[in-house]
């Protein structure tokens, strides 16, 4: 069941960088056909099988896309962060959602109706370019993830997932990244292994200094990247 999304207005001033962003410019030009959603952690944005009548843009937070088989088995297709679109299948007429989108942390997401987005893509060539770049990048990432899933052991796959999560929405590389805790069940669907294996590897990573726990989870990207390269 979808959680109720609260509609909020953004009153904060855009920074100079955001003001020159073609995506933010296009969103700001819309007087109707969009909603800004303030979502809690683990809220469902849309569900698999629903009509795809809008797409979404992440202004803050993280979202995972999960597909469920007829047998009830779950698999996480991707995780997206700030300044990324999702639900792009809605640009195709009469389409249905192929996955369920759920927030991994408190998030601010803009919902844009399909007709409005198609109009904006025609009116803002730069926006069209940004969207195509994201699509290409996502396709290449999926190909890389498939190779990783085939050839890498589960421990290394988990390290890559944590590294990717630490870099979502981060424009500069930093020594440590603080983020919301993610359940071991969720990590298991992302890595393609069991919850018990995730718990074992996370405890190992903590002893090695790759991650720390407090109010949230602290990831050390440089240490993780070095460990991956050494294997």
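From 130, 161, which residue is in contact with a helix residue (DSSP H, G or I) (Cβ under 9 Å, 6 or more places away or on another chain) and in the same structural domain as residue 103 (by TED's automatic domain parsing)? Spell out the reasoning first.
Numbers: 161 fails: in the same structural domain as residue 103 (by TED's automatic domain parsing).
That would be 130, the only listed residue that is in contact with a helix residue (DSSP H, G or I) (Cβ under 9 Å, 6 or more places away or on another chain) and in the same structural domain as residue 103 (by TED's automatic domain parsing).
Picking from 218, 202, which residue would you name as being at pLDDT below 95 and surrounded by 14 or more Cβ atoms within 10 Å (Cβ to Cβ)? Give the derivation first.
Numbers: 202 fails: at pLDDT below 95.
Selected residue: 218, the only one of 218, 202 that is at pLDDT below 95 and surrounded by 14 or more Cβ atoms within 10 Å (Cβ to Cβ).
For the stretch 208-224, which positions are under 17 Å from residue 153 (Cβ atoms), in a helix (DSSP H, G or I) and in contact with a helix residue (DSSP H, G or I) (Cβ under 6 Å, 6 or more places away or on another chain)?
Pass one, the stretch 208-224, residues under 17 Å from residue 153 (Cβ atoms): 208, 210, 224.
Next, only the ones that are in a helix (DSSP H, G or I) stay: 208, 224.
Matches in the stretch 208-224: 224 only.
Would you check which residues across the stretch 122-132 are without any contact (Cβ under 8 Å) to a residue 12 or more places away in the chain and either surrounded by 14 or more Cβ atoms within 10 Å (Cβ to Cβ) or under 17 Å from residue 87 (Cβ atoms) (or both) and list them?
Within the stretch 122-132, 128, 132 qualify.
Inspect the stretch 30-40 for any residue being surrounded by fewer than 20 Cβ atoms within 10 Å (Cβ to Cβ), closer than 23 Å to residue 188 by Cβ, in contact with a strand residue (DSSP E or B) (Cβ under 8 Å, 6 or more places away or on another chain) and not assigned by TED's automatic domain parsing to the domain that holds residue 195 and give the result as yes or no.
Yes, the stretch 30-40 contains a residue that is surrounded by fewer than 20 Cβ atoms within 10 Å (Cβ to Cβ), closer than 23 Å to residue 188 by Cβ, in contact with a strand residue (DSSP E or B) (Cβ under 8 Å, 6 or more places away or on another chain) and not assigned by TED's automatic domain parsing to the domain that holds residue 195.
Just to be sure I understand, how many residues within the stretch 47-65 are surrounded by fewer than 19 Cβ atoms within 10 Å (Cβ to Cβ) and not in a strand (DSSP E or B)?
Number satisfying all stated conditions: 5.
Step by step: first the residues of the stretch 171-192, then only those that are farther than 16 Å from residue 64 by Cα and either in contact (Cβ under 8 Å) with a residue 12 or more places away in the chain or in contact with a helix residue (DSSP H, G or I) (Cβ under 7 Å, 6 or more places away or on another chain) (or both), then the one that is surrounded by the most Cβ atoms within 10 Å (Cβ to Cβ). Which residue is that? Full working, then the answer.
Going residue by residue through the stretch 171-192, those that are farther than 16 Å from residue 64 by Cα are 171-178.
Now narrow it down to the ones that are either in contact (Cβ under 8 Å) with a residue 12 or more places away in the chain or in contact with a helix residue (DSSP H, G or I) (Cβ under 7 Å, 6 or more places away or on another chain) (or both): 173-178.
Numbers: 173: 11, 174: 13, 175: 8, 176: 13, 177: 20, 178: 13.
Once the filter is applied, the top-ranked residue is 177.
The values are calculated or read from the model by the stated rules, or taken from the named source; none is laboratory data. Bear in mind that the values here come from a model prediction, so they are computed numbers and not experimental data. Counting neighbours? That spans all protein chains shown, and the Cβs are built from the backbone with ideal geometry, glycine included.
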